[in-house]
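Structure first, commentary second.
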Amino acid sequence: MLRLINLIFMKPYVTAENLNSKTQSWLQKIKPFNQHRITLNSHKSALLVIDMQQFFLDPKSPTFTIGGSAILPGLKRLIQSFRVAGRPVIYTTHVHHPGLIDAGIMDWWWEGMCLEGSEESRVHEEIAPLASDKVITKHRYSAFYNTDLETVLRVMKIEDLVVTGVLTNLCCESTARDAYFRDYRVFFLADGTATINERMHLASLLNISYGFGYVTTIEEIIEEL
């Protein structure tokens, strides 16, 4: 089913070339709801890079996330800025056991599973984690669900969480909601998250700005580091 959905929306809703103008349009549309403006406390911040794996970024994959390519250059710059500032970059990878013993309903819901240890499970080479980076392995949308993310953030005394990656309306939004429930200040990047079509992306930006976090941009975060 997912392959058919992606074929329907194969025309990119955003590209690296028009990402800035699209972002300004999205921010304008959510402006009435994006009222909880907060400034990043860089000394207590962490960057979360969600599921930027080949499974979602390879055009040949049945789970290709068409907006993912557009956000890669900006994410690369943002990751480097966090490293220069000495702030943690935390990655997540969504994978399943080869025997699908952890897949559950997701095996029925989606076409194909990203298997642990496979080439497609790797984070895109342009933004690959360093050996010193924490990589969270997860089996469900939220990066908090049955993982050690909360423990890691607590030990590092993180209060501000910058959410990036794919898909905006699934793993990114689910993680942002769970972060808010745990009293983290959520910075959700309009130009640092991506999904398969513009309606879904904008809907998530509206949801987040209304009830879970501050929707902002890569440039604004870099300026505040």
May I ask you to verify whether residue 183 is within 23 Å of residue 220 (Cβ to Cβ), exposed (fewer than 15 other Cβ atoms within 10 Å of the Cβ) and either in contact with a strand residue (DSSP E or B) (Cβ under 6 Å, 6 or more places away or on another chain) or of a type in the set (Asp, Glu) (or both)? yes
Can you name every residue in region 210-219 that is in contact (Cβ under 8 Å) with a residue 60 or more places away in the chain and either surrounded by fewer than 24 Cβ atoms within 10 Å (Cβ to Cβ) or in contact with a Gly (Cβ under 6 Å, 6 or more places away or on another chain) (or both)? 210, 214, 217, 218
Looking only at region 42-91, filter to residues that are surrounded by 18 or more Cβ atoms within 10 Å (Cβ to Cβ) and among the charged types (D, E, K, R); which one of those is farthest from residue 183 (Cα to Cα)? 51
Of all residues in region 121-159 being aromatic (Phe, Trp, Tyr) and surrounded by 16 or more Cβ atoms within 10 Å (Cβ to Cβ), the one that is nearest to residue 103 (Cα to Cα): 141
Does region 3-41 hold any residues that are surrounded by 13 or more Cβ atoms within 10 Å (Cβ to Cβ), modelled with pLDDT under 95, in a helix (DSSP H, G or I) and of a type in the set (A, V, I, L, M, F, W, C), and which are they? 5
Assess whether residue 192 counts as being at pLDDT 95 or above, farther than 20 Å from residue 93 by Cα and not basic (Lys, Arg). no
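The values are calculated or read from the model by the stated rules, or taken from the named source; none is laboratory data. Computed from a predicted structure; not experimentally measured. Because the Cβ atoms are built from the backbone with ideal geometry, glycine has one as well, and the counts that use them run over all protein chains shown.
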